[in-house]
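**Student:** Pasting a structure below so you can have a look.
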């Protein structure tokens, strides 16, 4: 596979509303992001993925766009956006925009025109259908945000499709004029010098609603290849598709460079492992480590040389990983470092979600009224009607609600975590007094510096980027261990995924001597041996056979950078 700059890059996702507020209106903004670029440069990231900053009425926090070529008033101006691009470039940081083209806002001019009547030139920009024989919705296709995916339009007597909110009407990708509009808006941003796109629910653009096909429709890849040809394929940029239903075979269609579609996809198979099969994401079950191993092993081995992985635990739609599969209380630091080590040692492009690098945790608001997220509120009301108790629903929200990731960034122990001097749009997690950037930067053993070292190791070691992947001790329900190999170099990653001390048997230990410790999440680390005693959530990265120098001691105390 031809080497690309984004193979070696680490991406940091910013949710602008919650990152940094420069004018104290309680809402994060572009000047706030600019003020924190030096912090991100210190962390070592190469790319910022910016959640939507386009003009939007904010029915779904910016994922409902009313103008693709303007900036949301709350976030700033196009001049601020141009300044962000320029300041990021000075620090060798690329900006990846969030491309939301499955749907628009109902306040987009295209939809305002489309609603004027069946003869309007923009009518066919969206998906309209006549009522069913009984006068109801065309079919029983459901919305992701609860309820039907069809909304009746009184003026024309037709229904329009909305797979998400009724204020997010779906674009009709079968219309070549729609596709041309999309190529134009993509090129508008590429010409400004952005570094690529994260493509929101891109697997839905080939939908056939009459057959109730939403994801992976038959024309999906045809559309993507046309998009590549007409826009970003002419630039050296990163493109990552959000593809909830992807399998490795489907992911190869997207990301095999010979197909000229995308750089990589987000697949979510690992994210669903703590859900009861066949039920909603709110219906929880304990994670089985062997299932997680199976998923990661499949994606690491099957895409090797034929596609590219994205590596992530968190994003704006997901709960905080340290609260989900780590321990956000007595082992918060150790488990956050362990989860980072496990992920960043694999092949693929790692994504860090804002606050992950300081171990921010899920939040537990007392009442549903304190939550902002439309999905969370709709689910709450729906489940109350179905007879669930308030306690049952709130426990699901504490575990899986999207606002867990959206509480404002915790910069300091000042009021509102230093995010704003005003009233924040969403309450800051009360633990900001203990968990914040100032604290992390002042502590040489913090989670922040562990992430910094992981980023540094990736840039120094082609084995981490390009090496093959081999899982060890598959049946072990406590330890996640694997080996990466590349051109005679071998790196071993060993992670205790539990809060209990455990033993890991490394059968090949005698072949390698002590090994060289590249990274550990305790100040001491176990010497490489057949029987390795691991403390709760302990993680160690060893070099087993090196062709180049090692910067850290072989055993005993671990040097901190």
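What follows draws every value from the coordinates through simple rules; no lab data is involved. As the structure is a computational prediction, the values presented were derived from the model and not from experiment. For neighbour counting, all protein chains shown are included, and Cβ atoms are generated from backbone atoms with ideal geometry for every residue, glycine included.
**Student:** Mean residue ellipticity at 222 nm from the helices of the chain, using -39,500 (n - 2.57) per DSSP H segment of n ≥ 4 over the full residue count, to the nearest 500 deg cm²/dmol?
**Tutor:** -7500 deg cm²/dmol
**Student:** Once the Cβ-Cβ distance between residue 288 and residue 119 is put in as r, and R0 is 60 Å, what FRET efficiency do you end up with, to the nearest 0.05?
**Tutor:** 0.60
**Student:** Tell me, rounded to the nearest percent, the portion of alpha carbon pairs in segment 145-244 spaced more than 15 Å apart.
**Tutor:** In whole percent, the share of Cα-Cα pairs in segment 145-244 beyond 15 Å is 67.
**Student:** First measure r as the distance between the Cβ atoms of residue 90 and residue 130, then evaluate 1/(1 + (r/R0)^6) with R0 = 45 Å and state the FRET efficiency to the nearest 0.05.
**Tutor:** The pair residue 90/residue 130 has a calculated efficiency of 0.20.
**Student:** Rounded to whole Å, give me the distance from the Cα center of segment 184-199 to that of segment 405-468.
**Tutor:** When both Cα centres are located, 28 Å separates them.
**Student:** Of the DSSP beta bridges with both residues in the chain, give the percent that are antiparallel, rounding to the nearest 5.
**Tutor:** 65
**Student:** Using per-residue counts of other Cβ atoms within 10 Å, averaged over each peptide, order 314-327, 66-79, 375-388 from highest down.
**Tutor:** 314-327, 66-79, 375-388
**Student:** Additional query: When N is the residue count of segment 401-493, what does its C-alpha Rg come to as a fraction of 2.2 N^0.38 Å?
**Tutor:** Normalised Cα radius of gyration, segment 401-493: 1.56.
**Student:** Between residue 234 and residue 514, what FRET efficiency follows from the Cβ-Cβ distance if R0 is 51 Å, with the result rounded to 0.05?
**Tutor:** According to the calculation, E is roughly 0.50.
**Student:** Rounded to the nearest Å, what's the spacing between the alpha carbon centres of segment 9-29 and segment 474-492? Just the number, please.
**Tutor:** Cα centroid of segment 9-29 versus Cα centroid of segment 474-492: 36 Å apart.
**Student:** Using Cβ contacts closer than 10 Å as the measure, can you line up 334, 180 from fewest to most?
**Tutor:** Exposure proxy ranking, most exposed first: 180, 334.
**Student:** With the Cα gyration tensor of segment 93-164 giving a ≥ b ≥ c as the square roots of its eigenvalues, does the rule (a/c under 1.5 for rounded; else a/b larger than b/c for prolate; else oblate) give rounded, prolate or oblate?
**Tutor:** Here segment 93-164 falls in the oblate category.
**Student:** When 438, 210 are ordered from fewest to most other Cβ atoms inside 10 Å of their Cβ, what list results?
**Tutor:** Arranged by neighbour count, lowest to highest, 438, 210 become 210, 438.
**Student:** For labels at residue 70 and residue 8 in the simple 7 Å Cα→Cβ model, what's the distance in nm?
**Tutor:** 4.2
**Student:** Per q in 0.24 1/Å, what log10 I(q)/I(0) does a Debye calculation on the alpha-carbon atoms of segment 1-106 return?
**Tutor:** -1.33
**Student:** Please work out whether segment 315-441 counts as rounded, prolate or oblate from its C-alpha gyration tensor, where a ≥ b ≥ c are the square roots of the eigenvalues and a/c under 1.5 means rounded, while otherwise a/b larger than b/c means prolate and anything else oblate?
**Tutor:** Oblate.
**Student:** Same structure again: If you rank 474, 268 by fewest surrounding Cβ atoms within 10 Å, what's the result?
**Tutor:** In increasing order of surrounding Cβ atoms, one gets 474, 268.
**Student:** Once you sort the root eigenvalues of the Cα gyration tensor of segment 4-66 as a ≥ b ≥ c, which label holds: rounded (a/c under 1.5), prolate (a/b larger than b/c) or oblate (the other case)?
**Tutor:** In terms of gyration-tensor shape, oblate.
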